[in-house]
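Student: Got a structure for you, questions after.
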Amino acid sequence: MDYQPKGVCSQQIHFDIIDNKVRNVSFRGGCNGNLQGISRLIDGMDVREAISRIEGIRCGFKSTSCPDQLAQALKEAVGQ
């Protein structure tokens, strides 16, 4: 799935959900090193567990962050 994040530096988030696990997460734009780290940490994680761990994270004074936008994308993908 491809998702257009809102209010953050990254322009696109790509991921797959296979057997209820998050796979193949990648970001276009944003803080490359941090986003690679997040992508690798949640690879293979249960979708709901990933959402609960990264939802609500803020970036500086912004009301959201790239991880929070990923959580929103995951929620949309599973109809939550």
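Student: Roughly how many nanometres apart are two label points built 7 Å out from the Cα toward the Cβ at Asp43 and Met1?
Tutor: The answer from the label model is 2.0 nm.
Student: Counting alpha carbon pairs within less than 8 Å and at least 6 residues apart, what relative contact order, in whole percent, applies to the chain?
Tutor: Values: 124 pairs, mean separation 20.9, N = 80.
So the answer I get is 26 percent.
Student: Taking K and R as +1 and D and E as -1, what net charge do the other residues with C-beta under 13 Å from the C-beta of Asn20 add up to? Show your work: numbers first, answer last.
Tutor: On the way: positive: Lys21, Arg23, Arg48; negative: Asp16, Asp19, Asp46, Glu49.
Taking every other residue near Asn20 into account, the sum is -1.
Student: Show me, for the stretch 14-26, the HN-Hα J-couplings you get by feeding each phi into the Karplus relation (A = 6.51, B = -1.76, C = 1.60, θ = phi - 60°), rounded to Hz, glycine and proline as x.
Tutor: Couplings: 10, 7, 10, 10, 10, 6, 6, 10, 7, 9, 6, 6, 8 Hz.
Student: Related question: Taking a label point 7 Å from the Cα of Ser26 along the Cα→Cβ vector, which residues of the stretch 49-80 have an amide N closer than 15 Å to it?
Tutor: Correct set: none at all.
Student: Let me ask something else about it. Once amide H atoms are placed 1.01 Å from N in the peptide plane, what residues at a sequence separation of 5 or more from Gly29, or on another chain, have their amide H within under 5 Å of its amide H?
Tutor: Correct list: Gln11.
Student: Would you work out the charge dipole size for the chain about its Cα centre, treating the Cβ of every Lys and Arg as +1 and the Cβ of every Asp and Glu as -1, and quote it to the nearest 20 debye? Present the calculation step by step, with values, prior to reporting the outcome.
Tutor: Working: 10 positive and 9 negative charges, 53 e Å.
Rounded to the nearest 20 debye, it is 260 debye.
Student: Quick one: putting +1 on the C-beta of Lys and Arg, -1 on the C-beta of Asp and Glu, what dipole do you get for the stretch 16-62 around its Cα centre, in Debye to the nearest 20? Present the calculation step by step, with values, prior to reporting the outcome.
Tutor: Working: 8 positive and 6 negative charges, 49 e Å.
The dipole magnitude comes to about 240 debye.
Student: For Gln11 and Gln80, compute 0.36 nm times the residue count separating them, minus their Cα-Cα distance, and round to one decimal in nm.
Tutor: On the way: separation 69, 0.36 × 69 = 24.84 nm, distance 2.26 nm.
Residue separation times 0.36 nm, minus the Cα-Cα distance, leaves 22.6 nm.
Where a number appears in this text, it was derived from the coordinates with a stated rule and is not lab data. Since the model is a prediction, treat every value here as computed from it, not as a measurement. Ideal geometry is used to build each Cβ from the backbone, glycine not excepted, and the neighbour counts take in all protein chains shown.
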